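Visitor: I have a structure here, written as structure tokens, and I will follow up with some questions on it.
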Amino acid sequence: MILKCNDSYIPQVVEYIGEDKWQCLYLYADMLEYRTEGDQFNLWIFENGDEIDSVAYRYYDTIHFYSRNQTVNDEMISLINKLQPKCITGSQDMMDQIRSRLTTAYTEELSYVFTIDHLIEEKRKLPVVEATEADVPEIAEIMMEEEVYSHVYSYDDICRQMTDGIRTGKRRVFILRDKSGHILASSGTYVETSDIVLLGGLIVNKKVKGFGFGPAIATYVWNLVFREGKQGIGLESLNNEDSKTMNQKLGYTIIGIFARLLRNK
């Protein structure tokens with residue numbers, strides 16, 4: 001049975017997730033931050049008898065799934081086929097099951113889940129500053145040059161979501177500019193809770209890739225979160241060898257695999 005929920009069900013879902021936050025970090029953090037406010041943020045519980053079998057959370061045009069037992073049921077497939085989201089996330093096992101049953105074609109992408117439990121040595125101290133809403137269009141232009149973003153989001157999607165996050169204080173974005181004022185690199189937090197932060201969005205202007213600006217701004221943001229006493233979690237594509245090498249040099253530890261399905265255009 002599928003049940004569309006209001007905010008009163010959130011504590012029950014948090015208890016169901018338990019210590020598996022890193023396995024469904026988007027779902028966990030987005031749910032706590034955006035709750036069930038309006039049509040773009042929805043929570044569903046799938047029940048087997050009186051017990052929760054799995055949960056789903058909609059964030060704009062993405063649906064996040066989590067199940068302790070990796071359960072995929074008919075109601076879940078019906079929900080996806082009805083909403084036709086651009087992106088579906090969850091464990092690799094669940095995404096493999098879901099993908100084989102959908103009426104629309106999706107491509108699977110896998111990412112490492114990594115964390116760090118110490119401060120990173122800052123080899124280059126550069127003038128990193130927190131971005132404002134006025135910086136969003138330039139950041140979005142750089143992001144759209146990367147397929148990992150352009151395949152899922154439009155320029156307007158990125159601008160809207162980033163602007164909303166900065167305006168409401170639910171997201172922090174940091175930038176590094178050159179002397180002429182152009183953005184060289186950006187990174188930040190996607191979502192934050194009181195104890196855990198999903199970091200990401202690392203981009204480097206293609207004109208200056210390979211000059212160390214990526215590691216520098218990544219180090220700044222990770223150390224900031226660590227000093228705040230929160231656990232930072234990051235994601236990196238299994239196919240991105242350059243980023244994997246950078247992460248290993250910075251001292252990140254891989255703790256699992258995260259999967260997402262991207263709707264084919």
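Visitor: From the gyration tensor of the Cα coordinates in the stretch 115-256, what semi-axes in whole Å does the equivalent ellipsoid have, largest first, with each one equal to sqrt(5λ)?
Guide: Semi-axes (√(5λ), whole Å): 21, 18, 16.
Visitor: How high is the relative contact order of the stretch 2-104, in percent, counting Cα pairs under 8 Å that sit 6 or more residues apart?
Guide: Relative contact order, the stretch 2-104: 23 percent.
Visitor: Measuring from centroid to centroid over Cα atoms, what is the spacing of the stretch 45-73 and the stretch 170-204 in Å?
Guide: 30
Visitor: On the principal axes of its Cα set, how long, how wide and how thick is the chain? Give whole Å, largest value first.
Guide: The principal-axis extents, from largest down, are 60, 37, 34 Å.
Visitor: OK, next. Name the shape class, rounded, prolate or oblate, that the alpha-carbon gyration tensor gives for the stretch 2-104, where a ≥ b ≥ c are the square roots of its eigenvalues, rounded holds for a/c under 1.5, and otherwise prolate holds if a/b is larger than b/c and oblate otherwise.
Guide: rounded
Visitor: From the square roots a ≥ b ≥ c of the eigenvalues of the alpha-carbon gyration tensor of the stretch 83-148, which class results: rounded (a/c under 1.5), prolate (a/b over b/c), or oblate?
Guide: oblate
Just so you know, all these numbers are worked out from the coordinates, no wet-lab data involved. All of these numbers come straight from a predicted model, not from anything done at the bench.
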